[in-house]
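First up is the structure itself, then whatever we jot down about it.
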Amino acid sequence: MDKPFVLDALKDGKVSVEGQFLSGSNYTFLSEVTHQEQTLKVVYKPVRGEQPLWDFDAGSLAHREAAAYLLSEALGWDLVPPTIYRRRAPLGPGSLQLYVEHDPHHHFFNFTDEEKQRLRPVAVFDLISNNADRKGGHILIDEHQHIWLIDQGLCFHVDDKLRTVVWDFGGEPLPGEILADLETLVRSLEQGEPLREEMENHLRPGEVSVLRSRARHLVEAGCFPDPPSSRRPYPWPPV
């Protein structure tokens, strides 16, 4: 199923809630979207189900999910399943994301060495998006061996909050193709560029500016950082 159709379905299809995921702290629902006589499984995260946080703006997590998809697309890495912010849905505004079929028991902590070697773009994505909660269970591998990232609600804060399980590449040089993609991203996030305007539909202007700065600084450093010693760099729980 092609991506333009999926995005149209997320935007315009009829949404029906099927059941609730019980493992997360925010209300999250497995739902279906029907569009042009086709039905897709989706993950629906209504704003009204977001638990208040002291450090993230109230009602902003669904927007951050949508911004993470835009970032993934801008980089050309296809890491985040198609995701939109939808204003009209059964339980009010929220994010809709295409559901990825996967084995929930296969996650970062039992990936093979070969699978872990494929996670360099994941590490960079989390670095520049400032993911505050990259658990091992948020990295999925589908039946076609494609890597997907889910649960990006705690991203893009202006302060350094990176907490991730993926610190395997500390000190390594960034691959050339990743550097090239980051350089393109930096240009695309300049004032007046279309991507900048799209991101600011979901994030504060200052958050987009800091995203651009993180990408630029990573290009200048040219290598993966080591985990900081001044604060806790890992999420809890880790899975």
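The values are calculated or read from the model by the stated rules, or taken from the named source; none is laboratory data. Worth saying up front: this structure is predicted, and the values here are computed from it rather than measured. Note that we place each Cβ from the backbone using ideal geometry, even for glycine, and neighbour counts take in every protein chain shown. In case anyone asks, the SASA skips ligands and DNA or RNA and just uses the protein heavy atoms, side chains included. Shrake-Rupley method; radii C 1.70, N 1.55, O 1.52, S 1.80 Å.
Looking at segment 204-239, which of the residues that are open to solvent by less than 70 Å² (accessible area, probe 1.4 Å) and small (Gly, Ala, Ser) is nearest to Ala58 (Cα to Cα)? By that ranking, first place goes to Gly206.
Picking from Thr83, Thr34, which residue would you name as being of a type in the set (Val, Ile, Thr), touching a Lys or Arg at 6+ places or on another chain (Cβ under 6 Å), more than 16 Å from Leu211 (Cβ to Cβ) and modelled with pLDDT of 95 or more?
Numbers: Thr83 fails: touching a Lys or Arg at 6+ places or on another chain (Cβ under 6 Å).
Only one candidate passes the filter, namely Thr34.
In the set Asp181, Asp142, only one residue is under 23 Å from Pro225 (Cβ atoms) and touching a Phe, Trp or Tyr at 6+ places or on another chain (Cβ under 8 Å); that residue is Asp181. Listed by first and then second residue, the pairs with beta-carbon distance under 6 Å, at least 6 apart or on different chains, first residue in segment 165-186 and farther than 20 Å from Leu211 by Cβ and acidic (Asp, Glu), second part of a loop (DSSP other than H, G, I, E, B) and open to solvent by less than 20 Å² (accessible area, probe 1.4 Å), are Glu172/Phe224. Reported count of residues in segment 1-29, each being open to solvent by 50 Å² or more (accessible area, probe 1.4 Å) and part of a strand (DSSP E or B), is 5. Residues that are farther than 22 Å from Phe111 by Cα and β-branched (Val, Ile, Thr) within segment 146-177 comprise just one, Val158. Do the conditions hold for Leu98, that is, is it surrounded by 15 or more Cβ atoms within 10 Å (Cβ to Cβ), of a type in the set (A, V, I, L, M, F, W, C) and in contact with a strand residue (DSSP E or B) (Cβ under 7 Å, 6 or more places away or on another chain)? Considered against the rule, which asks whether it is surrounded by 15 or more Cβ atoms within 10 Å (Cβ to Cβ), of a type in the set (A, V, I, L, M, F, W, C) and in contact with a strand residue (DSSP E or B) (Cβ under 7 Å, 6 or more places away or on another chain), Leu98 comes out as yes.
Restricting attention to segment 101-114, and to residues there that are of a type in the set (Phe, Trp, Tyr) and either surrounded by 15 or more Cβ atoms within 10 Å (Cβ to Cβ) or in contact with a strand residue (DSSP E or B) (Cβ under 9 Å, 6 or more places away or on another chain) (or both), which single residue is farthest from His35 (Cα to Cα)? Reasoning before the result, please.
Residues of segment 101-114 that are of a type in the set (Phe, Trp, Tyr), as a first pass: 108-109, 111.
Okay, now just the ones that are also either surrounded by 15 or more Cβ atoms within 10 Å (Cβ to Cβ) or in contact with a strand residue (DSSP E or B) (Cβ under 9 Å, 6 or more places away or on another chain) (or both), so 108, 111.
Values: Phe108: 34, Phe111: 35 Å.
Filtering segment 101-114 for residues that are of a type in the set (Phe, Trp, Tyr) and either surrounded by 15 or more Cβ atoms within 10 Å (Cβ to Cβ) or in contact with a strand residue (DSSP E or B) (Cβ under 9 Å, 6 or more places away or on another chain) (or both), the one farthest from His35 (Cα to Cα) comes out as Phe111.
Among the residues of segment 147-181, those identified as closer than 21 Å to Leu30 by Cα and of a type outside the set (Phe, Trp, Tyr) are Ile147, Leu149, Ile150, Asp151, Gln152, Gly153, Leu154. Going by what's in this entry, would Ala68 be described as in contact with a Cys (Cβ under 7 Å, 6 or more places away or on another chain) and among the hydrophobic types (A, V, I, L, M, F, W, C)? Yes, satisfied. If you go through segment 151-200 and keep only what is within 22 Å of Ala58 (Cβ to Cβ) and among the β-branched types (Val, Ile, Thr), you end up with just Val158. Residue count for segment 41-78 under the criterion of being more than 20 Å from Phe21 (Cα to Cα) and crowded, with 22+ Cβ neighbours inside 10 Å: the result is 5. Against the definition (within 24 Å of His138 (Cα to Cα) and modelled with pLDDT under 95), how does Arg232 come out, yes or no? Considered against the rule, which asks whether it is within 24 Å of His138 (Cα to Cα) and modelled with pLDDT under 95, Arg232 comes out as yes. When Phe108, Phe125 are checked against the criterion of being touching a Ser or Thr at 6+ places or on another chain (Cβ under 9 Å) and either closer than 19 Å to Gly222 by Cβ or of a type in the set (Phe, Trp, Tyr) (or both), Phe125 stands alone in meeting it.
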